[in-house]
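Notes follow the structure.
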Amino acid sequence: MSARGKGWWLTLVLAGLTVLVLALSLPGAARDAWERGGIYLLSRDFLEDIPKRLSGPGRFRFVLQPALAIALGIGAGRADRRAGRPPYLQALLLGSAARGELVRSAFWEIANLLMMGILLDAVSQWLILGVSHPGAALVVGPVLIATPYGVARGLTNRFTAAKVRPPRPGS
């Protein structure tokens, strides 16, 4: 269900929770940045903590979130093919006139999933690292979703045969 559909209230709740969790993360992240002498996202610790995220609480999201994003991307890629649009990444990267519409449609398709990714990353940081870094959550969560979505959407469009129905007699 897209964020523009019947589940708009879910999108609002997720947006509110995401903003709340990120706001609650700011004091601890600021204290950690002061003690560390720099921003976590730009530090070596960020890269060193990635294996902890893969083995700690919430590791299933590294499978579930990309899988859901791929499923949504396949559906959107099939719709692109039926509408005669070029493959998603090709249109996005090579300056299609409809680039803005492509980005908007992708955002609304995966908005709830993106917010869940950010929210889950922030919470899992608290559980694994003892502190949540909003910048890292804003990077890691969307990467787990936007990358597989975009690739799946583009490849599905490219490799799905367009099923054009012949016109019915009398129509």
- Message: For a quick check: sort Phe159, Phe62 by the number of other beta carbons within 10 angstrom, fewest at the front.
- Response: Phe159, Phe62
- Item | Farthest toward positive dipole pole in the chain [+1 Lys/Arg, -1 Asp/Glu at C-beta], among Leu127, Leu17, Phe159 | Phe159
- Taking the Cα atoms only, what angle lies between the long axis of helix 61-83 and the longest principal axis of the chain, rounded to 10 degrees? 20 degrees
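Full extension from Arg44 to Arg59: what is 0.36 nm times the residue separation minus their Cα-Cα distance, to one decimal in nm?
3.3 nm
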- Query: Build a GNM of the chain with springs between Cα atoms under 10 Å: which of Pro86, Pro142, Pro66 gets the top mean-square fluctuation?
  - Reply: Pro86
- Task: Whole number please: convex hull volume per residue, Cα atoms of the stretch 8-159, in Å³.
- Result: 124 Å³
- Query: Who wins for biggest fluctuation among Arg153, Arg61, Arg82 in a Gaussian network model of the chain, springs between alpha carbons below 10 Å?
  - Reply: Arg82
- Message: Using Cα springs under 10 Å in a Gaussian network model of the chain, which residue among Ala111, Ala136, Ala69 shows the largest mean-square fluctuation?
- Response: Ala136
- Message: How much length would be gained if the chain were fully extended between Trp108 and Arg31, taking 0.36 nm per residue of separation minus their Cα-Cα distance, in nm to one decimal?
- Response: 24.3 nm
- Exposure proxy check on Ile145, Ile39, Ile70: fewest-to-most Cβ neighbours within 10 Å is Ile39, Ile70, Ile145
- Message: How much length would be gained if the chain were fully extended between Leu12 and Ala71, taking 0.36 nm per residue of separation minus their Cα-Cα distance, in nm to one decimal?
- Response: 19.0 nm
- Message: Using Cβ contacts closer than 10 Å as the measure, can you line up Asp45, Asp121 from fewest to most?
- Response: Asp45, Asp121
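Each reported figure results from applying straightforward, stated rules to the coordinates on display, with no laboratory input. None of these values were measured; they are calculated from a predicted model. When we count neighbours, we look across all protein chains shown, and the Cβ atoms used for this are built from the backbone with ideal geometry, even at glycine.
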